[in-house]
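Colleague: One structure, as structure tokens, below. Some questions next.
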Amino acid sequence: MASKAESARKQERVNDVLERGGYDAMLIATVANFAWFTCGGDAHVNTAEETGVGALLVRRNRKTLITNNVERARLLEEELANQGFQEEISLWVEDALAPAVARTAPGEKIVSDVVLPGVTACPEDIARLRWSLTPEEVDRCRALGADVGEAMGEASATVEPGMSEHAAAAEVAAQHMRRGIAPIVVLVAADDRILKYRHPIPTDNEIKRTVMLVVCGRRHGLIVSATRLVSFGPLSDDLRARHDAVARVDAAFIGATRVGARIGDIFKAGLDAYAAEGYPDEWQLHHQGGPCGYAPRDYRATVDIDDVVETNQAFAWNPSITGTKSEDTIIATPEGPEIISASPGFPTIEAAAAGQSFQRADILVR
């Protein structure tokens, strides 16, 4: 998967950090940064772990895989093939990162994305290297978004009244796994639980009339988020009004997400939209999303953040008004924000913001 051009761009970004900090090497140990530098390589075994089963020591003109004898073959043959990595392999019973780094780079000044003895930990600075997606990453992200949108549409068409939330979550997970996507977050809420919880992990609660399905799907390290709602029977006037309103709030966030825009100003545009819709305090009940890419969110946006939107940076905004929510993943292209996770055939609401019209996911009535 890794092209020479993409690998070279990422090496240049690493080299720039090394030059500016006077470092000899960069240690990359988190799953997200491993995937970024290797153009989609997967170093996870346990999805709950932030660090992977292999780490990378990257110098200006040399790069080394640090792992154990159990993981070596898969990483080199399936994740790092033809990328020119040297090896530092430990027996699994001696598998500790700090001594392996010390053996590989004695006396060298190292910047790292994890805390270890003898290195300088700068995880936030290293994470920033991922924010502006390369052209190849944009293509992979669009393909992932299309598949997540399709999977969420299929799951929404499959869930039924009488199912438990766990069973609905299984449908969401299965649709993604069939497409080679790891569903690293699956949330499901039915009926009253939609009103009560913003982060509803699935339970044995039985679906009666309405269900909300949420996913963060990961493939090649990139992550796309989306939310869909399904109603079995006509919508109440109250839910109809709330979902129309949250769609317009979402459009305000999306419309303001343009290259060079300050994150705090985008957030303020969303807050203004909440107020204009008559729900000025709902934003306080849930975070509103923010930049993403190789993490579900690189950070949660607030009005105080001075970072600006980078070219081809991914974002997932997730405004909610009690009982409903609107969420898709976008890329801030030079031409404007592009929604990449729409579900084909899913009903939509046309919502205008910043002089542009956006199609937002409606509630599927079945």
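Colleague: Antiparallel DSSP bridges in the range 1-124: what percent, to the nearest 5?
Modeller: 45 percent
Colleague: Right, another one. By average Cβ neighbour count within 10 Å, what is the ranking of 20-31, 236-247 from highest down?
Modeller: Highest to lowest by the protection proxy: 20-31, 236-247.
Colleague: Let me ask something else about it. What size of dipole, in debye to the nearest 20, comes out for the chain about its Cα centre when the only charges are +1 on Lys and Arg C-beta atoms and -1 on Asp and Glu C-beta atoms?
Modeller: So the magnitude is around 340 debye.
Colleague: How much net charge surrounds THR64 when only other residues with a Cβ under 11 Å from its Cβ are counted (Lys, Arg +1; Asp, Glu -1)?
Modeller: Working: positive: ARG59, ARG62, LYS63, ARG103; negative: GLU87, GLU88.
With Lys, Arg at +1 and Asp, Glu at -1, the neighbours total +2.
Colleague: Taking a ≥ b ≥ c as the square roots of the eigenvalues of the Cα gyration tensor of the range 4-128, is the shape rounded (a/c under 1.5), prolate (a/b larger than b/c) or oblate?
Modeller: rounded
Colleague: Can you tell me the length gained on complete extension of the stretch ASP281 to HIS166, counting 0.36 nm per residue apart and subtracting the Cα distance?
Modeller: Answer, rounded to one decimal: 38.3 nm.
Colleague: Please report how far the C-alpha centroid of the range 259-280 lies from that of the range 243-258, rounded to the nearest whole angstrom.
Modeller: Answer, in whole Å: 9.
Colleague: How far, in degrees from 0 to 90, does helix 165-177 lean away from the longest principal axis of the Cα atoms of the chain, to the nearest 10?
Modeller: That works out to roughly 50 degrees.
Colleague: Further, regarding this structure: Any chance you could check the Cα centroid distance between the range 107-148 and the range 328-354 for me, in angstrom?
Modeller: The range 107-148 and the range 328-354 have Cα centres separated by 25 Å.
Colleague: If amide hydrogens are placed 1.01 Å from N in the peptide plane, which non-local residues have theirs closer than 5 Å to the one on GLU160?
Modeller: Amide H neighbours of GLU160, under 5 Å, 5+ apart: none.
Colleague: Using only alpha carbon pairs under 8 Å that are at least six residues apart, calculate the relative contact order of the range 135-365 and give it in whole percent.
Modeller: Details: 545 pairs, mean separation 52.6, N = 231.
Computed value for the range 135-365: 23 percent relative contact order.
Colleague: With everything on Cα atoms, drop me the angle between helix 237-256 and the longest principal axis of the chain, reported from 0 to 90° to the nearest 10.
Modeller: Helix 237-256 sits at roughly 40 degrees to that axis.
Colleague: Right, next: Can you give me the convex hull volume of the Cα atoms of the range 60-207, divided per residue and expressed in Å³?
Modeller: Numbers: hull volume 28.4 nm³, N = 148.
With only Cα atoms used, the range 60-207 gives 192 Å³ per residue.
Colleague: Also: How large are Rg and Dmax for the range 205-290 when calculated on the C-alpha trace, in angstrom?
Modeller: Every Cα atom of the range 205-290 included, Rg and Dmax give 15.3, 46 Å.
Colleague: Also: Can you tally the net charge around VAL111? Count Lys and Arg as +1, Asp and Glu as -1, for every other residue whose Cβ sits under 12 Å from the Cβ of VAL111.
Modeller: -4
Colleague: Can I ask one more? Please give me the summed charge of the neighbours of ALA29: other residues whose Cβ is under 11 Å from its Cβ, Lys and Arg +1, Asp and Glu -1.
Modeller: Neighbourhood net charge equals -3.
Colleague: Still on this structure, I have one more. The range 130-169: Rg/Rh from Cα coordinates, Kirkwood Rh?
Modeller: 1.25
Colleague: Further question: From a point 7 Å beyond the Cα of GLU108 in the direction of its Cβ, which residues of the range 60-87 have a backbone N at a distance under 14 Å?
Modeller: 60-67, 85-87
Colleague: Viscosity 0.890 mPa s, temperature 25 °C: give me the Stokes-Einstein translational D for the chain in µm²/s, with Rh taken as the Kirkwood radius over C-alpha pairs.
Modeller: Values: Rh = 21.5 Å.
This corresponds to a translational diffusion coefficient of 114 µm²/s.
Colleague: Turning to a different aspect of this structure: What is the magnitude of the charge dipole of the range 147-208 about its Cα centre, with +1 placed on the Cβ of each Lys and Arg, -1 on the Cβ of each Asp and Glu, and no other charges, expressed in debye to the nearest 20?
Modeller: The calculated dipole for the range 147-208 is roughly 220 debye.
Colleague: Does the range 1-54 come out rounded, prolate or oblate by the C-alpha gyration tensor, with a ≥ b ≥ c the root eigenvalues, rounded set by a/c under 1.5 and, if not, prolate when a/b is larger than b/c and oblate if not?
Modeller: Oblate is the answer for the range 1-54, as a/c is 1.5 or above yet b/c matches or exceeds a/b.
Colleague: Still on this structure: What share of Cα pairs, in percent, lie more than 12 angstrom apart in the range 50-109? Could the numbers behind the result be given before it?
Modeller: Details: 1158 of 1770 pairs.
Beyond 12 Å sits 65 percent of the P(r) for the range 50-109.
Colleague: Using a simple charge model, +1 on the beta-carbon of Lys and Arg, -1 on the beta-carbon of Asp and Glu, nothing else, what dipole does the range 4-128 show about its Cα centre, in debye to the nearest 20?
Modeller: 480 debye
Colleague: If amide hydrogens are placed 1.01 Å from N in the peptide plane, which non-local residues have theirs closer than 5 Å to the one on GLY289?
Modeller: Correct list: ALA301, ASN318.
Colleague: Angle between the Cα long axis of helix 135-158 and the longest principal axis of the chain, 0 to 90 degrees, nearest 10?
Modeller: 40 degrees
Colleague: Follow-up. Pull out a ≥ b ≥ c, the square roots of the eigenvalues of the alpha-carbon gyration tensor of the range 193-254, then state rounded if a/c is under 1.5, prolate if not and a/b is larger than b/c, and oblate in the remaining case.
Modeller: The shape class here is oblate.
Colleague: Taking the dipole about the Cα centre of the range 135-365, with the C-beta of Lys and Arg at +1 and of Asp and Glu at -1, give me whichever of SER343, SER156, GLY264 is farthest to the positive side.
Modeller: Positive-most Cα among the choices belongs to SER156.
Coordinate-derived values only; no laboratory data. Because the structure is predicted, anything quoted here is derived from the model rather than measured. Cβ coordinates were reconstructed from backbone atoms using ideal geometry, including for glycine residues, and neighbour counts include every protein chain displayed.
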